[in-house]
Ligand SMILES: Cc1cc2nc3c(=O)[nH]c(=O)nc-3n(C[C@H](O)[C@H](O)[C@H](O)COP(=O)(O)OP(=O)(O)OC[C@H]3O[C@@H](n4cnc5c(N)ncnc54)[C@H](O)[C@@H]3O)c2cc1C
């Protein structure tokens, strides 16, 4: 929205307030649509309806406030909403979808690309993880198990293609203690708190198999494989259809909008004139349609930063240098495979992570075999740390997205450990994904982080957080619906008062 529209909103708001008996609902709706188009008019409608008594004061005070701000103030906000979600990956979409189900709250999701899910959410293994690998009390375990259950239900209810394939974690004699410890852990896992229990069975069923029984399932497995852990709850999902289903729910909702091709370029805490009973929130500045595009500014009560690989940057823009969050990126390459050695492979096959004396290979689950819903076999992802070189910008990782031959030999060698009859010539570069890592090489386990920042130290600010989702690597796709549920029902409604 441009300043001209802002002024016109002011005029409409004023005439609505001054003459609300004379101005019919239809006239008001028509005025809003004329000025803002259908896209924004609903937000403006909610805005006007929610705050009639304060609207005049609000506009005047907001204008004055921004004129008073020193040191290059951000653009004055042109509209206000309850929630802004920045980032239209699978996690941002799941959160906006959940927020869109709240009554009398307005939500906007802002995404810089012209489609949803153009970054990590479309560059992964599309595996529905069972929740096997992480510490029992971690958010990764809890949200993965809960997310897995919600995801299967959502797929069935919304015709999103998926298959519960099951997976084998295969182990050599030396690695048997590792899968035995995973099995023991799985048996002890409770259904995750604070969510409702979804079945009478165990939260994470697993079964230990001998090497020969594993070879009955996948005949091509190496004779060196002495045992395997069978995880029947693992599956694969069509991540694009999943995201489309989230988009549809948002579009069909009464109170949420998707805004694409729009980049958030600046975020500022707002502590100023009272709006709807609060004086706090966040001003989000945007740029639509490239560097020379149209700039905009929106005030939100609550801001959700779901920008994936960029998420630490939005937080860091508000922090002094000494407190900034470090960022790490790990490239994962995939190879398509056409050749022998995979006959009968209808389940996913994971090696034991390389643990090199540590308790767990948290950095990567190893180069595994996945099968997509069309039955194509693919290997990956491997793990390669990447770093910005001098002069590269924050999105430097984009230059690493091009798949190439350089990883194939190493990948082939990793796979041949458990499928010895595969051939190097059968490996073809496919695609690359980048993991947003909270810790660097050798850093051990890092959980999902829901970081809260507040406009200021006032008690009222507790209800106006910016929540940043950091380190949402795997199993973020599996956990997306549970992340949304946890953020909206637990964090926003309980901790932040649901105001
Ligand atoms: C190699 C690899 C394999 C994986 N395999 C699996 C798996 O099999 N199963 C599983 O459960 N998980 C897997 N994951 C993890 C999963 O893909 C991610 O956790 C998930 O996609 C993260 O989604 P997101 O929405 O947080 O981030 P993203 O998909 O990265 O979305 C962030 C969005 O924010 C937007 N954005 C950024 N900055 C701005 C801005 N300034 N303004 C507006 N928009 C902005 C971006 O354009 C992007 O669309 C894997 C990840 C990788 C890298």
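The values are calculated or read from the model by the stated rules, or taken from the named source; none is laboratory data. These numbers were taken from a predicted model, which means no experiment stands behind them. All Cβ positions, even for glycine, are placed from backbone atoms using ideal geometry, and neighbour counts span all protein chains on display.
Based on what the data block shows, is residue 158 surrounded by fewer than 23 Cβ atoms within 10 Å (Cβ to Cβ) and at pLDDT 95 or above?
Working: surrounded by fewer than 23 Cβ atoms within 10 Å (Cβ to Cβ): yes; at pLDDT 95 or above: yes.
Criteria met by residue 158.
For residue 95, state whether it is surrounded by 23 or more Cβ atoms within 10 Å (Cβ to Cβ), outside any helix (DSSP H, G or I) and either touching a strand residue (DSSP E or B) at 6+ places or on another chain (Cβ under 8 Å) or free of Cβ contacts under 8 Å to residues at least 40 places away in the same chain (or both).
no
Yes/no matrix, rows are residues, columns are (1) part of a loop (DSSP other than H, G, I, E, B); (2) more than 13 Å from the ligand (Cβ to nearest atom):
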| residue | (1), (2) |
| --- | --- |
| 105 | yes, yes |
| 114 | yes, no |
| 117 | yes, no |
| 131 | yes, no |
| 135 | yes, yes |
| 147 | no, no |
| 150 | no, no |
| 155 | no, yes |
| 160 | yes, yes |
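So residue 89 ticks every box in (1) more than 10 Å from the ligand (Cβ to nearest atom); (2) touching a helix residue (DSSP H, G or I) at 6+ places or on another chain (Cβ under 9 Å) but one. Which box is left unticked?
For residue 89, the failing item is (1).
Which ones in the stretch 195-252 are over 31 Å from the mean Cα position of the chain (by Cα), surrounded by fewer than 18 Cβ atoms within 10 Å (Cβ to Cβ) and without any contact (Cβ under 8 Å) to a residue 12 or more places away in the chain?
Scanning the stretch 195-252 gives 212, 216.
Test residue 446 against the stated conditions and say whether it is touching a strand residue (DSSP E or B) at 6+ places or on another chain (Cβ under 9 Å) and modelled with pLDDT of 95 or more.
yes
The conditions are (1) at pLDDT 65 or above; (2) crowded, with 23+ Cβ neighbours inside 10 Å, and residue 101 fails exactly one of them. Which is it?
Evaluating residue 101 over (1) at pLDDT 65 or above; (2) crowded, with 23+ Cβ neighbours inside 10 Å leaves (2) as the failure.
Would the stretch 166-175 turn up any residue that is within 16 Å of the ligand (Cβ to nearest atom), within 16 Å of residue 349 (Cβ to Cβ) and surrounded by fewer than 20 Cβ atoms within 10 Å (Cβ to Cβ)?
yes
Output the strands (runs of 3 or more DSSP E) that fall wholly within the stretch 201-268 and possess 3 or more residues being within 16 Å of the ligand (Cβ to nearest atom), or say none.
By residue number, 235-237, 256-259.
Applying the selection to the stretch 453-488, what residues are without any contact (Cβ under 8 Å) to a residue 40 or more places away in the chain and more than 16 Å from the ligand (Cβ to nearest atom)?
457, 459, 462
Among the numbered criteria (1) under 20 Å from residue 128 (Cα atoms); (2) modelled with pLDDT of 95 or more; (3) outside any helix (DSSP H, G or I), which single criterion is violated by residue 182?
Only one criterion is unmet by residue 182, namely (3).
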